[in-house]
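Chemist: Could you have a look at this structure, given as structure tokens, before my questions?
The values are calculated or read from the model by the stated rules, or taken from the named source; none is laboratory data. All values derive from a computational prediction rather than experimental measurement. Don't worry about glycine lacking a Cβ; one is built from the backbone with ideal geometry, like all the others, and counts go over all protein chains shown. In case anyone asks, the SASA skips ligands and DNA or RNA and just uses the protein heavy atoms, side chains included. Shrake-Rupley method; radii C 1.70, N 1.55, O 1.52, S 1.80 Å.
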Amino acid sequence: MSNTTEPVERSEKEDRGFFGQPFALANLFGVEMWERFSFYGMQGILIYYLYYSVSDGGLGISQAAATSIVGAYGGTVYLSTILGAWVADRLLGSERTLFYSASLVMAGHIALSVLPGMWGVGVGLVMVAFGSGGLKANATSLVGDLYSEQDNRRDAGFSIFYMGINIGGLVGPLLTGAVQDAWGFHAGFALAAVGMALGLIQYTLGRKHLHGIGAEPGNPLPADKRALYIGIGIAAIVVVAVASITGLITADNMSDVVVGLTIVASVGYFLLMLTSKKVTKVERSRVFAFIPMFIASAAFWSLFQQQFTTVPVISDKLLDRNLFGWDFPPTWVQSINPVFIIIFAGVFAAMWTKLGDRQPSSPIKFALGTGTMGLAFLAFIPITGGGPNSAPLLGLAGVLLLFTFAELFLSPVGLSLATKLAPEHFHTQMVALFFLSVALGSSMAGTLAGYFDIDDSRPFFLIIGFSSIGIGVLLALASPWIKKLMQGVK
């Protein structure tokens, strides 16, 4: 692609201005950090806003409906990466799509902070979901564009980028939780809006360092087809609105609806790439290789995203939060995993760099991530059976440390793998396909949380934990076949 070749060559041969990485990575690191600050800051207080009583500043809906909404919202964020990727590849290019998406995120947080009740939740979450989806897909794609396919810095660069995500994920819940505790939920949502505004300003000032990367769409949509796609978009909005008004979509079944939509979208995307005449034989083989990785990723995220469904309930109702006489806020539990990520992301990046060509293959890393996630769920069993205020804070922190190791095996590697396996004409959309696995897992997290019984949680953790370990074992056994399909990509 003529619009990216020259910048990639410069970044690989000359540009090592950001910890040995291309300097443009610093700008993408920053905007993603602020977006995650606002995202995790808002999500850290969202479930409590939904199920806390009106007298406590919440909306007073049921816990089951609250977890379904949170799961559906998390799934929609990643499901909307399809739209963000499509707009980038067909209309605006990744760089401009990222800018407009960040603006939409900021507007969504403002809506949550000023609009009352479920009206504010509906408008705000839709705007944040679609904005975050567009931003995530395109920020990731732009990071991938900074490197050539064989540049050994790629996985390390994605790990550094991932550290930025988790700095935002650490600070966001701490500050929004403190603000919510002092001034209420709407003040917490307003702080999330301020965070995204800072990210937007920073990104605008640093856009020039991309040197034209992502400036043009890779597969421009012909002008005579634009009216058709606008009509499809309007029809989709009408269908969702009618389904909501008539009761087909409710708070209780929302996560199930998103699961179904994500499965349909994922199958459609795989078929689109596998049948496209623009995809070469080698590229098609690589897309086939991505299918088992997609399944493993979805299984992983259905467990990992319990941090926003099951884990907050445990933190609120079972956790002993007394820390030397101080009551540790339940919202701050959301910051434990980012602390571990910040500590260990650099360790993993250095490990992959040091190992170079000797590091485990991507399928083995995925297998390790999925298996470790299963172990983490088994580790919940000894700390959650004693009733209110019985779960030790250090015990929960230990479980979340396993979450962290699993995440570092799979998530940044998955982002990198998607850019390496992507067909040339579906570059950003392949990244969106990885995020579809996250969408499927996130929405499934809301559905699975509906089976969590706080009074008898052992079967929940046993079944899910061993299932995840089994998927990891199967993926490890299939890794030689997968590597063959990857056609030289490591």
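Chemist: Residue check: is GLY218 open to solvent by less than 60 Å² (accessible area, probe 1.4 Å), under 26 Å from ALA88 (Cα atoms) and assigned to a helix (DSSP H, G or I)?
Modeler: It is false that GLY218 is open to solvent by less than 60 Å² (accessible area, probe 1.4 Å), under 26 Å from ALA88 (Cα atoms) and assigned to a helix (DSSP H, G or I).
Chemist: Moving to a separate point now. Is it the case that ALA111 is surrounded by fewer than 24 Cβ atoms within 10 Å (Cβ to Cβ), over 30 Å from GLU424 (Cβ atoms) and of a type in the set (A, V, I, L, M, F, W, C)?
Modeler: When the stated conditions are applied, ALA111 passes them.
Chemist: Can I ask one more? I'd like the full set of residues that are at pLDDT 85 or above, surrounded by fewer than 23 Cβ atoms within 10 Å (Cβ to Cβ) and outside any loop (DSSP other than H, G, I, E, B), limited to the range 308-334.
Modeler: Correct list: VAL313, ILE314, ASP316, LYS317, ASP320, PRO330, TRP332.
Chemist: Kindly indicate whether ILE82 is surrounded by 23 or more Cβ atoms within 10 Å (Cβ to Cβ) and either at pLDDT 85 or above or part of a loop (DSSP other than H, G, I, E, B) (or both).
Modeler: No, not satisfied.
Chemist: In the range 332-377, what residues are under 19 Å from the mean Cα position of the chain (by Cα) and under 24 Å from MET42 (Cβ atoms)?
Modeler: Scanning the range 332-377 gives VAL333, GLN334, SER335, ILE336, ASN337, PRO338, VAL339, PHE340, ILE341, ILE342, ALA345.
Chemist: Follow-up. Return only the number of the condition from (1) under 16 Å from the mean Cα position of the chain (by Cα); (2) under 30 Å from ASP224 (Cβ atoms); (3) among the basic types (Lys, Arg) that LYS136 does not satisfy.
Modeler: For LYS136, the exception is condition (2).
Chemist: Related question: Does the range 428-451 include one or more residues that are out of contact with any helix residue (DSSP H, G or I) (no Cβ under 9 Å at 6 or more places or on another chain), surrounded by fewer than 24 Cβ atoms within 10 Å (Cβ to Cβ) and free of Cβ contacts under 8 Å to residues at least 12 places away in the same chain?
Modeler: Taking every residue of the range 428-451 in turn, none turns out to be out of contact with any helix residue (DSSP H, G or I) (no Cβ under 9 Å at 6 or more places or on another chain), surrounded by fewer than 24 Cβ atoms within 10 Å (Cβ to Cβ) and free of Cβ contacts under 8 Å to residues at least 12 places away in the same chain.
Chemist: Kindly indicate whether GLY206 is assigned by the TED database to the domain that holds LEU83, surrounded by fewer than 18 Cβ atoms within 10 Å (Cβ to Cβ) and outside any helix (DSSP H, G or I).
Modeler: Answer is no for this residue.
Chemist: Okay, next question. Would you mind telling me which numbered condition in (1) open to solvent by 10 Å² or more (accessible area, probe 1.4 Å); (2) in contact (Cβ under 8 Å) with a residue 12 or more places away in the chain; (3) over 30 Å from PHE426 (Cβ atoms) GLY44 fails?
Modeler: Tallying (1) open to solvent by 10 Å² or more (accessible area, probe 1.4 Å); (2) in contact (Cβ under 8 Å) with a residue 12 or more places away in the chain; (3) over 30 Å from PHE426 (Cβ atoms), GLY44 fails exactly one: (1).
Chemist: Kindly check whether there is at least one residue in the range 381-403 that is hydroxyl-bearing (Ser, Thr, Tyr), out of contact with any Lys or Arg (no Cβ under 7 Å at 6 or more places or on another chain) and under 19 Å from PHE300 (Cβ atoms).
Modeler: no
Chemist: Related question: In the range 18-61, what residues are more than 17 Å from GLY122 (Cβ to Cβ) and more than 22 Å from the chain's Cα centre (by Cα)?
Modeler: PHE18, PHE19, GLY20, GLN21, PRO22, PHE23, TYR52, SER53, VAL54, SER55, ASP56, GLY57
Chemist: Kindly evaluate LEU135 against the criterion of being under 20 Å from TRP34 (Cβ atoms) and at pLDDT 85 or above.
Modeler: Judged against the criteria, LEU135 is a match.
Chemist: Right, another one. So ASN389 clears everything in (1) under 26 Å from LEU175 (Cα atoms); (2) out of contact with any strand residue (DSSP E or B) (no Cβ under 6 Å at 6 or more places or on another chain); (3) open to solvent by 20 Å² or more (accessible area, probe 1.4 Å) except one condition, right? Which one?
Modeler: (2)
Chemist: Still on this model: Can you name the condition, by its number, that LYS420 falls short on among (1) touching a Lys or Arg at 6+ places or on another chain (Cβ under 9 Å); (2) in a loop (DSSP other than H, G, I, E, B); (3) not small (Gly, Ala, Ser)?
Modeler: (2)
Chemist: Now a separate question. Taking the stated definitions as given, is ILE110 of a type outside the set (Gly, Ala, Ser) and touching a strand residue (DSSP E or B) at 6+ places or on another chain (Cβ under 7 Å)?
Modeler: Considered against the rule, which asks whether it is of a type outside the set (Gly, Ala, Ser) and touching a strand residue (DSSP E or B) at 6+ places or on another chain (Cβ under 7 Å), ILE110 comes out as no.
Chemist: Go through the range 157-177 and count every residue that is more than 19 Å from the chain's Cα centre (by Cα) and open to solvent by 10 Å² or more (accessible area, probe 1.4 Å).
Modeler: Total satisfying the criteria: 2.
Chemist: Evaluate the range 225-248: report whether one residue or more is among the small types (Gly, Ala, Ser), surrounded by 12 or more Cβ atoms within 10 Å (Cβ to Cβ) and part of a helix (DSSP H, G or I).
Modeler: Yes, that holds for at least one residue.
Chemist: Report, by residue number, each residue of the range 450-466 that is touching a Gly at 6+ places or on another chain (Cβ under 8 Å) and at pLDDT below 90.
Modeler: Scanning the range 450-466 gives a single hit, SER457.
Chemist: Among the candidates GLY57, GLY30, single out the residue that is at positive phi, out of contact with any Cys (no Cβ under 6 Å at 6 or more places or on another chain) and modelled with pLDDT of 85 or more.
Modeler: GLY57
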